[in-house]
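Reviewing the structure listed below.
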Amino acid sequence: MKPRASAESRRTRSRLAVLVSTVTEAADQLADDKSIELSISVVTSFTPGPLPMVSTRRPCSNDVCTGRPAGDSGFVPAAYSAIVQKWGNLCSAINPALLAAQLYQESGFNPNARSAAAAEGIAQFIPGTWATHGVDGNGDGVRNVWDPQDAIPSAASYDCQLASYVKDVPGNLTENMLASYNAGAYAVIKYGGVPPYKETRNYVKTITTLEESFAAPVTRVDPSKQAAGAIYYAQKKLGTPYLWGGNGTAADNGRFDCSGLTKAAYESVGVTLPRVANDQYNAGPHPKRDELLPGDLVFFSTDPTDSRAIHHVGIYVGGGYMIDAPRTGAVIRFDPIDTGEYFGATRVTEDGAKALPTTV
């Protein structure tokens, strides 16, 4: 008589069946190109991770998601949440998400940042500009470029002053303001809009693209065009041993760590992501937990108020599961996403990835 399978064995087979169905569904949902078919033969070597735990999430504010588990939208570190929200509404040319995008682009929210060009603080003011445009944002009688309570209000005030210089120039006021920040108001006035400088146009596009990452979505986020190919790549790596710092190269014997896998998966479809997980988080808009689609990147953090504390990333495949390279001693596998450290998700876009600073 054939022995009965254990309860754990039955649960494992049941979860395996769900995952096979999930990956097949992902193929049906995403693969517009009929040449892309997600093979499910390798799933039979699936090693299940721990059972899911329920995570908690709080809602976004109306303008920008700040200081919270970022499962629903973009993220500003908790220490700067209120001040970005307040000063981001200083004038009609800016908004909290745009101000957050500028701070991220300038310093990665690092209040101690100092550039080779002597730009200082979270908003990267050079001394001459700070002397003229720095404000005492917290009312302590001191204008301190290293204090975000002064530097963030100063950045917003400077933006609004630039906007006032170009308010009569044709075109989009916010784009003209950003162009003035990069090239000077005179150039914007001279050319009747964003001047034809490559650097300036790239700056305007970078900030407005990053703005989408920090803004609370008002509609469902469009599916990623490259999602099916990224999943296809990651699925072929199931069972591969983990290697910290691994990029899948010959020198690494084809092994990956978590962000090395996600970077390689999207690189296979022509999208270049930053190397580390907490930078990959800003490579596109952020769908809500109940709006996740296969191909979204999902992130995990030890600190639910700080995106710089993100320590893990995987590729969502549907059904509450991701493909990830979890840790030393494990292999690339399927794992549940709903753990206590679930932080949020990113729907990767080409423009979003291109907008990210090379160093933050």
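The number of residues in region 153-181 that are surrounded by fewer than 19 Cβ atoms within 10 Å (Cβ to Cβ) and either touching a Phe, Trp or Tyr at 6+ places or on another chain (Cβ under 7 Å) or not aromatic (Phe, Trp, Tyr) (or both) comes to 10. What are the residues in region 309-348 that are polar (S, T, N, Q) and closer than 11 Å to Gln280 by Cα, if any? Listed by number, the list holds a single entry, Thr346. When Asp136 is evaluated against the numbered criteria (1) closer than 27 Å to Ala353 by Cα; (2) touching a residue at least 12 places away in the same chain (Cβ under 8 Å), which criterion, by number, is the only one it fails? The number of the failed condition is (1). Within region 108-119, how many residues are closer than 20 Å to Ile207 by Cβ and touching a strand residue (DSSP E or B) at 6+ places or on another chain (Cβ under 9 Å)? The total comes to 2. Given the criteria modelled with pLDDT under 95 and either farther than 25 Å from Asp351 by Cβ or small (Gly, Ala, Ser) (or both), does Gly239 qualify? In short, yes. Residues in region 236-279 that are within 20 Å of Phe334 (Cβ to Cβ) and under 17 Å from the mean Cα position of the chain (by Cα): Cys258, Ser259, Gly260, Leu261, Thr262, Lys263, Ala264, Ala265, Tyr266, Ala277. The set of residues in region 186-200 that are of a type outside the set (Phe, Trp, Tyr), free of Cβ contacts under 8 Å to residues at least 12 places away in the same chain and either in a helix (DSSP H, G or I) or under 15 Å from Glu106 (Cα atoms) (or both) comprises Lys190, Lys198.
Here's the yes/no breakdown for (1) buried (at least 24 other Cβ atoms within 10 Å of the Cβ); (2) more than 20 Å from Glu211 (Cβ to Cβ); (3) among the hydrophobic types (A, V, I, L, M, F, W, C); (4) modelled with pLDDT of 95 or more:
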{"site": "Arg275", "(1), (2), (3), (4)": "no, yes, no, no"}
{"site": "Val298", "(1), (2), (3), (4)": "yes, yes, yes, yes"}
{"site": "Gly318", "(1), (2), (3), (4)": "no, yes, no, no"}
{"site": "Pro336", "(1), (2), (3), (4)": "no, yes, no, no"}
{"site": "Val348", "(1), (2), (3), (4)": "yes, no, yes, no"}
{"site": "Lys354", "(1), (2), (3), (4)": "no, no, no, no"}
{"site": "Thr358", "(1), (2), (3), (4)": "no, no, no, no"}
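Between Ala227, Ala265, the distinction of being out of contact with any Pro (no Cβ under 9 Å at 6 or more places or on another chain), small (Gly, Ala, Ser) and closer than 19 Å to Val348 by Cα belongs to Ala265 only. Residues of region 111-128 that are surrounded by fewer than 22 Cβ atoms within 10 Å (Cβ to Cβ) and either of a type in the set (Val, Ile, Thr) or in contact with a Lys or Arg (Cβ under 9 Å, 6 or more places away or on another chain) (or both): Glu120, Ile126.
Do we find that Ile189 is hydrophobic (A, V, I, L, M, F, W, C) and under 29 Å from the mean Cα position of the chain (by Cα) in this structure?
For Ile189, the condition - hydrophobic (A, V, I, L, M, F, W, C) and under 29 Å from the mean Cα position of the chain (by Cα) - is not met.
Within region 249-291, being among the acidic types (Asp, Glu) and free of Cβ contacts under 8 Å to residues at least 40 places away in the same chain holds for Asp252, Glu267, Asp290.
The values are calculated or read from the model by the stated rules, or taken from the named source; none is laboratory data. Keep in mind it's a predicted model, so treat the numbers as computed, not measured. No Cβ is skipped: glycine too gets one built from the backbone with ideal geometry, and neighbour counts run over all protein chains shown.
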